[in-house]
Amino acid sequence: MSADTLIIEQVNRVFQTPAGKVTALKGIDLRVRKGEFITLIGPSGCGKSTLLKIVAGLDTSYEGSVLLNDKPISGPSIEKGFIFQEPRLFPWLTVEKNIAGNLSLKHKDVRKKVEEYIALVRLEGFEKAYPRELSGGMAQRVAIARALLRNPDVLLLDEPFGALDAFTRSHMQEVLLDIWQNNRTTMLFVTHDLDEAVFLGERVVIMNPRPGHIRSIQPIDLPFPRKRTSSSFQELRTKVLREFEKVEEPEFDTGAGI
Amino acid sequence: MKNQQTAIRRTAEQGWLSFIPWSLHAWLVPVAIAALWQMAGGLGWISQALLPTPLMIAKQFVHLGVSGELWGHFEVSILRAFSGFILGSLTGLALGMSTGLGSMAERTLDPSIQMLRTVPLLSLIPLFILWFGIGEFSKILMISLGAFFPVYVNTFLGIRSVDAKLYEVSRIFQYSKLQLLTRLILPSALPNILLGIRLSLGVSWLVLVVAEMMGTSAGIGYMIQDARAYSQTDIVFVGIIIFAMIGKLSDSSVRLLETRLLSWRETYKG
């Protein structure tokens with residue numbers, strides 16, 4: 001077994017639309033180490049969500065190879081936790097039942113684990129609350145607990161904090177980093193927020209649209225917890241932004257500096 | 001400022017209502033009508049043969065109840081309506097689930113059922129009498145046919161309106177087929193299924209009355225028909241009141257079930 005949990009090699013994804021073929025992903029190569037935190041950033045339409053769905057097994061009509069722990073991905077499974085932009089909780093279930101899902105709370109170890117993860121996402125006291133009684137941030141924490149309870153090999157997050165306000169978002173980023181540092185779950189985090197990508201990722205994957213491909217990969221060698229105001233953070237942020245701006249501009253425009 | 005004004009006006013409007021206990025509000029209109037009615041009858045404005053006073057109807061009610069005649073009819077009617085309802089709604093649930101869950105069943109079965117649904121039920125009565133006579137079987141079958149469609153249509157609709165996003169979640173968590181049904185599809189479809197059951201109960205009563213008015217010797221419908229023949233208007237009213245009471249009672253019990261089972265819903269409460 002190699003050191004890389006997730007190996008994506010030469011992945012192409014072509015959509016058939018009435019207007020013709022649209023190449024959403026072209027020649028994607030990415031290797032993710034076990035326990036690594038990867039953030040994927042790019043403008044809309046660059047295929048980052050499509051890539052995530054392929055890794056999740058929700059989209060299987062791709063070319064190339066995607067290996068998770070040396071096994072090809074054939075469909076969705078609990079080894080690949082997925083956090084959507086919306087919490088997607090079952091509205092008729094309480095918080096604890098949502099986290100338990102298809103596992104029975106009557107089992108002692110399930111109950112114990114559910115309690116453990118409720119504590120981890122700091123939702124004690126809300127075990128019996130229904131989703132409608134939760135704020136957006138709380139609901140998303142329930143979704144994170146639900147995914148983590150299955151002990152996934154990789155957690156895929158598709159702009160999970162995109163719908164939250166700025167304060168809740170930065171709080172949730174810290175919650176997620178906390179969890180990651182405790183559990184060392186491999187994270188693949190899609191975002192369109194530059195700060196978020198640099199704040200969370202050990203490596204930032206910058207993607208380019210039409211057709212979606214990886215423009216460059218920027219390592220962020222900053223220790224956690226990171227300070228957004230520090231000069232080294234700003235420096236790396238600018239570095240990624242430069243790449244990002246190259247993405248937005250046509251190729252021949254070389255004057256895209258700051 | 002404007003808000004304040006509306007608030008004041010509203011309390012003034014509801015002022016006199018607040019002297020009456022909340023649970024009695026629904027009775028205000030019926031009691032007022034009954035009082036007016038009693039007065040009109042007592043003063044001789046309306047012929048007693050056409051519209052007996054509420055007191056006379058109440059007396060007849062007690063009389064029929066004490067003699068036991070009422071309960072005999074009551075029992076027969078309840079049994080018919082209930083067995084027809086159970087038969088029809090269970091078939092509706094089963095078929096609605098099969099067409100809802102499988103596109104094969106939807107393509108082959110649903111068009112025929114939809115076609116049948118457009119036929120006015122009461123136009124089938126002569127056919128039912130020709131085929132099955134006027135016995136119990138024929139009546140129960142008619143009631144169940146009436147009870148079938150609301151449950152069928154709403155079960156199908158409920159299953160097809162399951163959130164595709166939640167379905168994706170259940171796929172990621174590897175729900176088994178059975179778990180998918182019991183933990184996602186049925187809870188999602190439950191509001192629609194219960195609505196179907198409520199509508200189906202209403203139709204059951206409607207068809208029961210029609211069925212009991214065409215040749216039978218027992219049941220509340222027969223009692224009404226028989227009383228009409230002898231111009232006993234008060235007995236006709238007793239029958240109508242019984243139907244109203246049972247109808248309301250069965251409807252309320254399903255609604256109670258709704259509030260219990262669907263308390264998770266976030267809806268406009270008026």
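The values are calculated or read from the model by the stated rules, or taken from the named source; none is laboratory data. The structure displayed is predicted, hence computed values, not measured ones. FYI the Cβ positions are ideal-geometry reconstructions off the backbone, even for glycines, and counts take in every protein chain you see. The area values use the complete protein model at the heavy-atom level, side chains included, leaving out ligands, DNA and RNA. Shrake-Rupley method; radii C 1.70, N 1.55, O 1.52, S 1.80 Å.
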Criterion (hydrophobic (A, V, I, L, M, F, W, C) and farther than 30 Å from A:Asp4 by Cα) met by exactly one of A:Ala143, A:Ala163, A:Ala147: A:Ala163
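Residues are listed down the side, and each one gets a yes or a no for (1) more than 11 Å from chain B (Cβ to nearest Cβ); (2) surrounded by fewer than 17 Cβ atoms within 10 Å (Cβ to Cβ); (3) at positive phi:
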site: A:Glu115; (1), (2), (3): yes, yes, no
site: A:Gly137; (1), (2), (3): yes, no, no
site: A:Arg141; (1), (2), (3): yes, no, no
site: A:Leu149; (1), (2), (3): no, no, no
site: A:Pro160; (1), (2), (3): yes, no, no
Qualifying residue in region A:126-134 (condition: among the hydroxyl-bearing types (Ser, Thr, Tyr), open to solvent by 20 Å² or more (accessible area, probe 1.4 Å) and within 10 Å of chain B (Cβ to nearest Cβ)): yes
Residue in region B:188-204 that is outside any helix (DSSP H, G or I) and away from every other protein chain (no Cβ under 14 Å) present: no
Region A:81-104: number of residues that are hydrophobic (A, V, I, L, M, F, W, C), facing chain B (nearest Cβ under 8 Å) and farther than 15 Å from B:Asp163 by Cβ: 1
Test for A:Val175: is it among the aliphatic types (A, V, I, L, M), closer than 26 Å to A:Leu58 by Cβ, assigned by TED's automatic domain parsing to the domain that holds A:Val55 and surrounded by fewer than 20 Cβ atoms within 10 Å (Cβ to Cβ): yes
Cβ-Cβ under 7 Å pairs, at least 6 apart or on other chains, region A:51-68 side closer than 16 Å to B:Ile172 by Cα and within 14 Å of chain B (Cβ to nearest Cβ), far side in a helix (DSSP H, G or I) and not charged (D, E, K, R): A:Ala56/B:Ile172; A:Asp59/A:Thr50
Region B:170-180, residues that are open to solvent by less than 40 Å² (accessible area, probe 1.4 Å) and more than 7 Å from chain A (Cβ to nearest Cβ): B:Ser170, B:Leu180
Residue within region B:104-118 that is open to solvent by 40 Å² or more (accessible area, probe 1.4 Å), modelled with pLDDT of 90 or more, of a type in the set (A, V, I, L, M) and touching a Ser or Thr at 6+ places or on another chain (Cβ under 6 Å) present: yes
Selection status of B:Ser253, among the polar types (S, T, N, Q), away from every other protein chain (no Cβ under 14 Å), open to solvent by less than 70 Å² (accessible area, probe 1.4 Å) and under 30 Å from A:Pro91 (Cβ atoms): yes
Residue list for region A:75-84, restricted to those being assigned to a loop (DSSP other than H, G, I, E, B) and either among the β-branched types (Val, Ile, Thr) or out of contact with any helix residue (DSSP H, G or I) (no Cβ under 9 Å at 6 or more places or on another chain) (or both): A:Ile78, A:Glu79
Failed condition for B:Thr99, given (1) open to solvent by less than 30 Å² (accessible area, probe 1.4 Å); (2) polar (S, T, N, Q); (3) closer than 23 Å to B:Leu195 by Cβ; (4) within 18 Å of the chain's Cα centre (by Cα): (4)
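Here's the yes/no breakdown for (1) in a helix (DSSP H, G or I); (2) within 30 Å of A:Pro91 (Cα to Cα); (3) in contact with a Pro (Cβ under 8 Å, 6 or more places away or on another chain); (4) open to solvent by 30 Å² or more (accessible area, probe 1.4 Å):
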residue: B:Ile235; (1), (2), (3), (4): yes, no, no, no
residue: B:Gly247; (1), (2), (3), (4): yes, no, no, no
residue: B:Leu257; (1), (2), (3), (4): yes, yes, no, yes
residue: B:Arg265; (1), (2), (3), (4): no, yes, yes, yes
Residues of region B:23-41 that turn out to be surrounded by 13 or more Cβ atoms within 10 Å (Cβ to Cβ) and not polar (S, T, N, Q), as a count: 4
Region A:70-80 - residue that is open to solvent by 40 Å² or more (accessible area, probe 1.4 Å) and not charged (D, E, K, R) and, of those, nearest to the other protein chains (Cβ to nearest Cβ): A:Ile78
Lone unmet requirement of (1) surrounded by fewer than 16 Cβ atoms within 10 Å (Cβ to Cβ); (2) closer than 13 Å to B:Gly92 by Cα for B:Thr155: (1)
Out of A:Ala100, A:Ala119, A:Ala147, sole residue that is outside the structural domain of A:Ile8 (by TED's automatic domain parsing) and within 30 Å of A:Leu236 (Cβ to Cβ): A:Ala147
Given (1) closer than 30 Å to A:Ile118 by Cβ; (2) among the charged types (D, E, K, R); (3) open to solvent by 10 Å² or more (accessible area, probe 1.4 Å), index of the condition A:Arg31 fails: (1)
